[in-house]
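Taking it in order: structure first as C-alpha cells, then the write-up.
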There are 2 protein chains.
Amino acid sequence: MSSAHAEGVSAPAGRGAVTGASVRDAALTLFAERGYHGTAMSTVAAALVIRTPSLYNHIRGKQDLLESIVVETLDAVLADHTAAVAGRVDPVDRLREATRVYALRHATHRREALVVNRDTASLPEPALSAARDRRRAHETAFRSIISEGAEQGVFAVGDARLASFAILEMSVSIARWFREDGPLTAEQVADEHAEFALRIVRYRP
Amino acid sequence: MSSAHAEGVSAPAGRGAVTGASVRDAALTLFAERGYHGTAMSTVAAALVIRTPSLYNHIRGKQDLLESIVVETLDAVLADHTAAVAGRVDPVDRLREATRVYALRHATHRREALVVNRDTASLPEPALSAARDRRRAHETAFRSIISEGAEQGVFAVGDARLASFAILEMSVSIARWFREDGPLTAEQVADEHAEFALRIVRYRP
DNA sequence: CCTACCGATCGGTAGG
DNA sequence: CCTACCGATCGGTAGG
C-alpha cells in the first residue's frame, strides 16, 4: 500500500497531481463500492477528472490494479499475523492478539478488505493462486492456534476449523459496517472481537 | 424459490426442457460463482445449451433475475426468523433458534446467500430499497433479542449491535466454505453456530 | 427455439 | 495530459 491516503478518494478536482498512487486510490474506492466488474475505467478517470486513456500513463491495466490491491493486502494480513503472535506462547494471548490485529485491519482498511473478499476470484492466474496461497497460509496459521489451545486443554472447541472460520469471518464483517465517525473506535471494535474469539473457543478466565 | 433444484446446475445437455425456473437456476449458480457483473447472459445461455436470445422467452432481463434472487431470499430469511422466534419468550431460546435457522439457511442455500451478500448493491431502485428494508428488518429483529436478553440480565454484552453483527456475519460465512459432502451436516454446523452465538453474548448455563 | 442484428459500452492503443 | 479510434463484448430486439 504505497497510497498516501488511508481512506477517502484522493484529491480529484482542481490542481490535483494525478499519480500512480492516486489512480490506485480512486480505483480502490470504486472497486469497494461497486465491485471490480461493476467499475468502468471511465469512472475511475472521471473521479480524477481526467480522460480514460490518460490513466494508462500511470498504470498497466485494470487487472493490475486488482492484483496489487489483493496481493498487497494479503501480504499485510500475513505480516500482521506473524508480528502479532511472535514471542507469545500462551494460546490465549496468541488467539487474542491474532484476532485483534485481523479485526483492526478490517476496520482501518475497509476498502481493501471489501475488494479482497468480493473480487479475489476475478483475478487471472497466476495471481489467483498467489492470492489463494496467502489466504490459506493465514487460515492455517490462525487455526493452528486454536488447535494448540485445544490440545493443551485451555480451549474447549468441537471443531477447530469451524471456530476458526467463525472468528475470521465475524472480523471480516467489520469492513461492512464500521464507520470512523461511529460510536466505537477501530481499537475498541478490535478489542471486543478479540474477546468474542476467546468466548467462541470457550476460554474462561 | 420455485426452482426444482436445491443445488447444482439444472440439467443442461440433452433433452432438458428449458423453463423460467431452469434459467433462474443456471443464473443463480453463475452469479454465485462469478458475481452478477462478472456473468454474461451468453454464459447463462451456454450453460443451458441454447442461444442467448432464447433466454428472453423465459425471463424479462438480467436485472430481473438478480432482483428475484435477492428479494425472495430476504423474504425467506424474514419468514425463517419469524417462525423461529414465534412462541418463544426466553431470550436464550430466541437467540439460539434465530441463529440456528439463519445459519442453516446459509448452509442449505449457499448460492442465494453469496449473491445476496455480493450483489445486492447492484440492484436498481426501487428493488435496492426493498432489499435494504428487508435486511434492516431482520437485523433489527435479531438485535432486539440480544438487547432484551441484556436488559433481563441473562446476557452480558457491551454493545448489542456489535454482537449482533458478529453473530450474523459468522453465519453468513458458512455459505463460503460449507460443502454438502463435508464432515459436518448443515444441521450440525447450524447448531454449533447457535452455541457460538450464546457464547458471544456471554450466556452461561 | 433460431439467425441476424442493434446501439452502447468495455478496456485499451496510437500518436501526438 | 489530450483526441481519435479500435476490436470485442455487452444486454437485448426483430422477426420469424
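Scanning region B:26-41 for residues that are in a loop (DSSP other than H, G, I, E, B), more than 10 Å from DNA strand C (Cβ to nearest atom) and touching a helix residue (DSSP H, G or I) at 6+ places or on another chain (Cβ under 8 Å) gives B:GLY35, B:TYR36, B:GLY38, B:THR39.
Is it the case, given these coordinates, that A:LEU198 is buried (at least 17 other Cβ atoms within 10 Å of the Cβ) and at the interface with chain B (Cβ under 7 Å from one of its Cβ atoms)? When the stated conditions are applied, A:LEU198 does not pass them. Would you check which residues across region B:52-75 are within 14 Å of chain A (Cβ to nearest Cβ) and near DNA strand D (Cβ under 8 Å from one of its atoms) and list them? Scanning region B:52-75 gives B:LYS62, B:GLN63.
Just one of the listed residues (A:VAL23, A:VAL49, A:VAL44) is within 14 Å of DNA strand D (Cβ to nearest atom) and assigned to a loop (DSSP other than H, G, I, E, B), and it is A:VAL49.
For region A:161-187, filtered to residues that are more than 9 Å from chain B (Cβ to nearest Cβ) and surrounded by 15 or more Cβ atoms within 10 Å (Cβ to Cβ), the residue that is farthest from A:GLU33 (Cα to Cα) is A:SER164.
Would you check if B:LEU78 is within 23 Å of the chain's Cα centre (by Cα) and either surrounded by fewer than 23 Cβ atoms within 10 Å (Cβ to Cβ) or within 15 Å of DNA strand D (Cβ to nearest atom) (or both)?
On the way: within 23 Å of the chain's Cα centre (by Cα): yes; either surrounded by fewer than 23 Cβ atoms within 10 Å (Cβ to Cβ) or within 15 Å of DNA strand D (Cβ to nearest atom) (or both): yes.
For B:LEU78, the condition - within 23 Å of the chain's Cα centre (by Cα) and either surrounded by fewer than 23 Cβ atoms within 10 Å (Cβ to Cβ) or within 15 Å of DNA strand D (Cβ to nearest atom) (or both) - is met.
Taking region A:21-51 only, how many residues are without any contact (Cβ under 8 Å) to a residue 12 or more places away in the chain and of a type in the set (Phe, Trp, Tyr)? It would help to see each step written out before you state the result.
Kept after step one, since they are without any contact (Cβ under 8 Å) to a residue 12 or more places away in the chain, are these residues of region A:21-51: A:33-34, A:38, A:40, A:42, A:45-46, A:51.
From what is left, the residues that are of a type in the set (Phe, Trp, Tyr) are none.
Of the residues in region A:21-51, 0 are without any contact (Cβ under 8 Å) to a residue 12 or more places away in the chain and of a type in the set (Phe, Trp, Tyr).
Applying the condition of being under 13 Å from the mean Cα position of the chain (by Cα) and charged (D, E, K, R) to region A:43-75 and asking which residue is nearest to DNA strand C (Cβ to nearest atom) yields A:GLU72.
If only residues of region B:129-160 that are among the hydrophobic types (A, V, I, L, M, F, W, C) and within 14 Å of chain A (Cβ to nearest Cβ) are counted, the one that is farthest from B:ASP75 (Cα to Cα) is B:ALA156. Per the listing B:THR108, B:THR82, B:THR120, the residue uniquely of a type in the set (Val, Ile, Thr) and within 14 Å of chain A (Cβ to nearest Cβ) is B:THR120.
Taken together, the values in this text are just the output of simple stated rules run on the coordinates, not laboratory data. Just so we're clear, the structure is a prediction, and the values are computed from it rather than from any experiment. Don't worry about glycine lacking a Cβ; one is built from the backbone with ideal geometry, like all the others, and counts go over all protein chains shown.
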